[in-house]
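Please treat every number below as a calculation from the coordinates, not as lab data. All values derive from a computational prediction rather than experimental measurement. Virtual Cβ from ideal backbone geometry, glycine too; neighbours counted across all protein chains shown.
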Amino acid sequence: MGTILTSYGGAAEDHEGYAAQVLDDGSLTGTHSAENRARMVGAVVACGCGWVGTTRYPTREEFDEAAEALALAEWEHAHTRPFLAAVRHTELLRLRVLLRRAATVAGEVRDVPRSARQLAEQLDHVTELLESATGLARRLAEQAHEQAEHDDRGEWPRGES
């Protein structure tokens, strides 16, 4: 069972952090078995997207809660937080682009259209852009509010998968 981040929508879907077992030959596995248990020399954090942490946490226990907590803290700080900050930045840029496009198209509406059909098409385009921008802004606001609540409590929004 891994850990996922909540309140990030689809951006966090491929990012499930877990403590992978480090075997005596240096290979990693997330599969628990008697054979792997006998060969286990540590744990390292891994993510569902393929990212692997750099710190090996020495342990021979298959379910070492302390090693897992350290590994997941590394996953949050070294991988997930920077990734999600970049996603948020990209989404905010996308919102700005949508709003600029809507303003540009709306500015063209001021010009006298050749026909009622042309005016209707221009206004439909403005409406589509504004609806896209509104949906994106709502989603970003909901995520920011939920993250702020977690920040106020001094915790990172996590869930188990």
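The ranking of Ser132, Ser115 from fewest to most other beta carbons within 10 Å of each one's beta carbon is Ser115, Ser132. Considering only alpha-carbon pairs that sit under 8 angstrom and 6 or more positions apart, the relative contact order computed for the chain is 25 percent. Among Trp51, Trp75, a tally of other beta-carbon atoms within 10 Å of each Cβ gives an order, fewest to most, of Trp51, Trp75. Taking Leu93, Leu119, Leu136 as the candidate residues, the one with maximal mean-square fluctuation in a Gaussian network model of the chain, Cα springs under 10 Å, is Leu119. Ellipticity at 222 nm from helices only: DSSP H runs of n ≥ 4 in the chain, each -39500 (n - 2.57), divided by the residue count, give -17500 deg cm²/dmol. Considering only Gly17, Gly53, Gly26, the mean-square fluctuation computed in a Gaussian network model of the chain, springs between alpha carbons under 10 angstrom, is largest for Gly26. Relative to the longest principal axis of the Cα atoms of the chain, the long axis of helix 116-152 lies at roughly 30 degrees. With unit charges on the beta carbons (Lys and Arg positive, Asp and Glu negative) and the dipole taken about the Cα centre of the chain, which residue among Ala148, Val22, Leu99 sits farthest to the positive side? Going by the charge dipole, the pick is Leu99. Comparing His79, His125, His15 in a Gaussian network model of the chain (Cα springs below 10 Å), the most mobile by mean-square fluctuation is His125. Taking max minus min of the alpha-carbon positions on each principal axis, segment 3-160 gives extents of 79, 33, 21 Å, largest first.
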